[in-house]
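Inspection log for the structure reproduced underneath, given as structure tokens.
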Amino acid sequence: MTDSILKRMGAHRGLPSISTEEFIETGEVLQGRYEQSQFFQGIVGSNARDAGNDPTTLLRPGLMMGIDSNDDVVHFDPDGAATNSGGEFFAVMQQELNMGLTNQTDISEGSLLVAGVIDPNKICLASQSTRGIVGLAAEFYLRKLMARNFILEDNPHEPQIGTWNSESAEDTSRALVETERDKLFHNTGASGAVDLDLPATPKRDLAYYFQSRVAQDFSVTSVTTNDIIIATDIAATTITIASANVGGSFWLVGNGSKWEVRCSQGTLGIT
């Protein structure tokens, strides 16, 4: 965050002595205690709009906010598709804010939540008419953005790309599902070749990790074919760690349209 933004914002932490009337709209969004959360009483730019609300000048509690190229706090859009949206996630609206009042022609002061325990079913993008990021194409990307400062109520230990929550030994071929994201898969216990199929849609920041620990072929296949990007092939379908290359590993991370191979070690077979 730039100094110019900080100069226009006064940080404070919620304290037990603060009147609950000030946070009357927050209870649905904030799940933790006020004194364990962090707020900014900040200046919201005049371009901030909530396209999913009626009127669009009324910013809902839970609306994700970002920083635009002018260092103004406006509605956040992960793809930059929303008009005048901010490309850098910053905070969540704590309270409803009316940008359409006649005496607010340039800027409005809003209460913004920048850290705390939050329910992902109660937050939203400006493009959504209903709240909740669960099930969105950008869900996993949004979760990882928010996990830098927020604890997500339904998954308190949201890992960043490059780390995993758990491991799974795979000794037979099968299909992976989205709920197994952020997990390390290995072929411990396999007596033959194992092939794991990826979910059909490579959603942004949907991540899986793979390592060969037994001298058997260990493969990962895209069921939609030709949508894996690796250094020597931008339209691969299957990545294989052959039995002779036991110990090899790689990550696969969705970018919204394709799977990207990252941080590979050892020799990988590509088809």
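Out of GLY254, GLY192, one residue alone is closer than 24 Å to PRO159 by Cβ and among the small types (Gly, Ala, Ser). It is GLY254. Which one of these is farther than 26 Å from GLN31 by Cα, at pLDDT 90 or above and outside the structural domain of PRO199 (by TED's automatic domain parsing): PRO61, PRO55? From the options PRO61, PRO55, the qualifying one is PRO55. Taken as a whole, the structure places PRO78 among residues that are touching a helix residue (DSSP H, G or I) at 6+ places or on another chain (Cβ under 9 Å) and in a loop (DSSP other than H, G, I, E, B).
When you check ALA215 against the structure, is it touching a helix residue (DSSP H, G or I) at 6+ places or on another chain (Cβ under 8 Å), modelled with pLDDT of 95 or more, closer than 15 Å to HIS186 by Cα and not assigned by TED's automatic domain parsing to the domain that holds LEU142, yes or no? Yes. Could you please find all residues in region 201-219 being in contact with a Ser or Thr (Cβ under 7 Å, 6 or more places away or on another chain), within 25 Å of ALA147 (Cβ to Cβ) and of a type outside the set (S, T, N, Q)? Scanning region 201-219 gives PRO202, PHE210. Within region 128-144, no residue that is more than 16 Å from VAL92 (Cβ to Cβ) sits with its Cβ atom under 6 Å from a residue that is surrounded by fewer than 18 Cβ atoms within 10 Å (Cβ to Cβ) at 6+ positions apart or across chains.
When PRO199 is tested against (1) at pLDDT 95 or above; (2) part of a strand (DSSP E or B), only condition (2) is not met. Every condition in (1) assigned to a strand (DSSP E or B); (2) modelled with pLDDT of 95 or more is met by CYS263 except one, and the failing one is (2).
Within region 205-216, the set of residues being surrounded by 20 or more Cβ atoms within 10 Å (Cβ to Cβ) and part of a loop (DSSP other than H, G, I, E, B) comprises ASP205, LEU206, SER212. Name the residue, out of PHE76, PHE89, PHE140, that is touching a strand residue (DSSP E or B) at 6+ places or on another chain (Cβ under 7 Å) and surrounded by 22 or more Cβ atoms within 10 Å (Cβ to Cβ). Going through PHE76, PHE89, PHE140 in turn, the sole match is PHE76.
The values are calculated or read from the model by the stated rules, or taken from the named source; none is laboratory data. As the structure is a prediction and not an experimental result, all values here were calculated from the model. Cβ coordinates were reconstructed from backbone atoms using ideal geometry, including for glycine residues, and neighbour counts include every protein chain displayed.
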